[in-house]
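For reference, the structure discussed in these notes is given below.
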Amino acid sequence: MALQLSNTIKNYINGELIEPVGKKWLDNYNPATGEVYGQLPDSDEHDVNMAVSAAEEAFPAWSALSKLQRSDYLKKIADLILANLDELAMAESIDNGKPYWLAKKVDIPRAAENFSFFSTAILQWKDEANHMDGNYVNYTLHQPLGAVACISPWNLPLYLFTWKIAPALVTGNCVVAKPSEITPMTAFLLSQICIQAGLPKGVLNIVHGLGTKAGDALISHSNIQAISFTGGTKTGAYIAAKAAPIFKKLSLELGGKNPNIIFEDCDYDKMLSTTLRSSFENQGQICLCGSRILVQRSIYEKFKTDFVAAVKALKVGDPLQDDSKMGAIVSKQHYEKIVSCIQLAEDEGGVILCGGSPLQLDGRCAEGWFIAPTVIENLGPHCRTNQEEIFGPVVTLQAFDTEEEALALANASSYGLAATIWTTNMAKANRMAAGVESGIIWLNCWLVRDLRTPFGGMKNSGVGREGGVHALEFFTETKNICIPLH
Ligand code: NDP
């Protein structure tokens, strides 16, 4: 059955698509045209309370299913996502401003993979047993928590939303999820897919609305047992302050200011083409993008010339056109923030090597929010531009001489999410990887993801790890049971 591509989004509560209790709505924008193209619920605590109650009611039956039964539901959802690849990719592109080809190649297949991966991961997950001296054995149980909250941002809407929901569901929890109010459309389509897949009512509930209203009601709800959150560091700190005193389990995936460290002995061509992607894919709005490019001084001028030429050749255009390498910035507010960050960089003495300004496109995108990819040099490590997350198509260049200097520059940040290191000297690469304060390191590659690996940041980039067994553990309570064998 085809998805209903209605521009009026509804909440998905207790298995039904329903309007918000307060009958209040928010506008949904198409960033490529700047136009309002639909409405979404401006949900409040009444909607959240209904969703949490539905999740709690569904929990006993859902958690009592076998792992294989829950796995089958996830597989069905994965298959339906792939069966609706074109519609979902189009919806994601319109809602977010990202190129349609990118949503079709990366975002939507990955959302399906999140469900299919966890549908099998749960079947392979082993409990522990420890045989003790004195003839005792300890074994562990991993039990679901109950109703849990999943809150995700706008940059990879369906991809990050499902990255949380899939492990939560497969471990036997029932979920109340809130997508970003800025990009709600594919979450709405996912609710239709769950209905088509026959997911029992109340197992997944999706409440749309503002973070400060619906989101706040969700994290404050006393019957929510755990919060899995991806978003900004400030929001993460706020959620942690609210949730910690009531001992909710918390997983926080937060901002970054990732270093991309380039040594003179790198595979230059591979580094250059990958650095172009790691700087500007998804308009630089990926938490894993490298925004501080650190280059060994001996190749700094060559890199600068080649990189700037390649950046100037990147086509920023209508997200629906196949040759647009970059699309629109997600919202007017975020667009204005990025423009002000570029202004700040100039005020701090930064030299704009290319970009540096909004772009005015022709035709249907004339009123859209586009920014030229921007490269800045002449800024030290401690200025605001090199300290604060911009989360847009803006990178800085800094030169270093020695390995020690590269490490110091890389670690001169309050963030610690991801880093990329380019060198063909593997001893140096591994030394650097051990020294860089980031949860995720790519050596001579970028954004290669094995879903079994631990994913998350150090310092202000978050608390906890997602992925594979780490996500399964987060969404369960581990219980140890000790028995005498005599
Ligand atoms: P925000 O922190 O503004 O929002 C993230 C989500 O939290 C949204 O759904 C938002 O709702 C909701 N929210 C906001 N305030 C509250 C609140 N008080 N209580 C509960 N929920 C709330 O981040 P952005 O959406 O702007 O996303 C960009 C950020 O996400 C960047 O910092 C980026 O680095 C980070 N990020 C981190 C990743 C990681 O894995 N570490 C991956 C991707 C992004 P609404 O949008 O409706 O306000």
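Readers should treat all values here as calculations from the given coordinates under stated rules, not as data from a laboratory. Values in this document were obtained by computation on a predicted structure and should not be read as measured data. Note that we place each Cβ from the backbone using ideal geometry, even for glycine, and neighbour counts take in every protein chain shown.
Listed by Cβ neighbour count within 10 Å, with the fewest neighbours leading, His208, His221 appear as His221, His208. Packing order of peptides 235-241, 275-281, highest average first: 275-281, 235-241 (average count of other Cβ atoms within 10 Å over each peptide's residues). Each semi-axis of the equivalent ellipsoid for the range 258-451 is √(5λ) with λ an eigenvalue of the Cα gyration tensor; in descending order they amount to 28, 18, 15 Å. In the range 258-451, the DSSP beta bridges split such that about 20 percent are antiparallel, to the nearest 5. What translational D, rounded to a whole number of µm²/s, comes out for the range 275-363 from Stokes-Einstein when the hydrodynamic radius is the Kirkwood one over Cα pairs, at 20 °C and 1.002 mPa s? Translational D for this selection: 147 µm²/s. What is the P(r) of the chain, as percent of Cα-Cα pairs per 10 Å bin from 0? It works out to 4, 20, 29, 25, 15, 6, 1, 0, 0, in whole percents.
The mean sequence separation of alpha-carbon pairs under 8 Å and at least six residues apart, normalised by the residue count of the range 137-183, gives a relative contact order of 48 percent.
Taking amide hydrogens as placed 1.01 Å from N in the peptide plane, the amide H of Val394 sits under 5 Å from those of Thr374, each at least 5 positions away in sequence or on another chain.
Which number do you get for Rg(Cα) / (2.2 N^0.38 Å) in the range 359-473? Don't skip to the answer; put the middle values down first.
Details: Rg = 17.4 Å, N = 115, 2.2 N^0.38 = 13.4 Å.
For the range 359-473, the normalised Cα radius of gyration comes out at 1.30.
Between the residues Phe307, Met326, Ser279, the greatest Cα displacement towards the positive end of the dipole of the range 258-451, with unit charges on the Cβ of Lys, Arg, Asp and Glu, is found for Met326. The 3J(HN,Hα) values that the Karplus relation (6.51, -1.76, 1.60; θ = phi - 60°) gives for the range 185-197 are, in residue order, 5, 6, 5, 5, 5, 4, 5, 5, 5, 5, 5, 4, 6 Hz. Gly and Pro appear as x. For Ile329, the residues 5 or more places off, or on other chains, whose built amide H falls under 5 Å of its own are Trp369, Phe370, Ile371. Less than 5 angstrom separates the built amide H of Cys445 from those of Ile421, all sequence-distant by 5 or more or on a different chain. Bridgeable aspartates and glutamates around Lys76 (alpha carbons under 16 Å apart, same-chain partners fewer than 8 residues away excluded): Glu113.
In straight-distance terms, cross-link reach from Lys242 covers every one of the lysines whose alpha-carbon lies under 24 Å from its own, apart from those fewer than eight places away in the same chain; here that gives Lys164, Lys178, Lys213, Lys234, Lys459.
Couplings 3J(HN,Hα) of the range 321-333, computed from phi: 8, 5, 8, 7, 7, 10, x, 8, 6, 4, 8, 5, 4 Hz, in residue order, whole Hz [Karplus 6.51 cos²θ - 1.76 cosθ + 1.60, θ = phi - 60°; x for Gly and Pro].
When you count, for each residue, the other Cβ atoms within 10 Å and take the mean per peptide, how do 159-165, 331-337 rank with the highest first?
Working: 159-165: 26.9, 331-337: 16.3.
For the peptides 159-165, 331-337, the packing ranking is 159-165, 331-337.
In terms of surrounding Cβ atoms within a 10 Å radius of their Cβ, Leu123, Leu443, Leu314 rank from fewest to most as Leu123, Leu443, Leu314. Kindly express, to the nearest 10 degrees and within the range 0 to 90, the angle between helix 157-170's C-alpha long axis and the longest C-alpha principal axis of the chain. Result, in degrees: 30. Phi angles across the range 225-238 convert, under the Karplus curve 6.51 cos²θ - 1.76 cosθ + 1.60 with θ = phi - 60°, into 3J(HN,Hα) values of 8, 8, 10, 9, 10, 10, x, x, 5, 4, 5, x, 5, 5 Hz, Gly and Pro given as x.
Over the range 258-451, Cα pairs under 8 Å with separation of 6+ residues give a relative contact order of 28 percent.
Straight-line cross-link reach from Lys312 at under 29 Å between alpha-carbon atoms covers these lysines, not counting any fewer than eight positions away in the same chain: Lys98, Lys104, Lys105, Lys257, Lys270, Lys302, Lys304, Lys325, Lys332, Lys337. Each stretch of four or more DSSP H residues adds -39500 (n - 2.57); spread over every residue of the chain, this sum gives -11500 deg cm²/dmol at 222 nm. With neighbour counts taken as other beta-carbon atoms within 10 Å, the residues Met271, Met132, Met458, Met90 rank, fewest first, as Met132, Met458, Met90, Met271.
What percent do you get for the relative contact order of the chain when only Cα pairs under 8 Å and 6+ apart count?
Relative contact order here is 19 percent.
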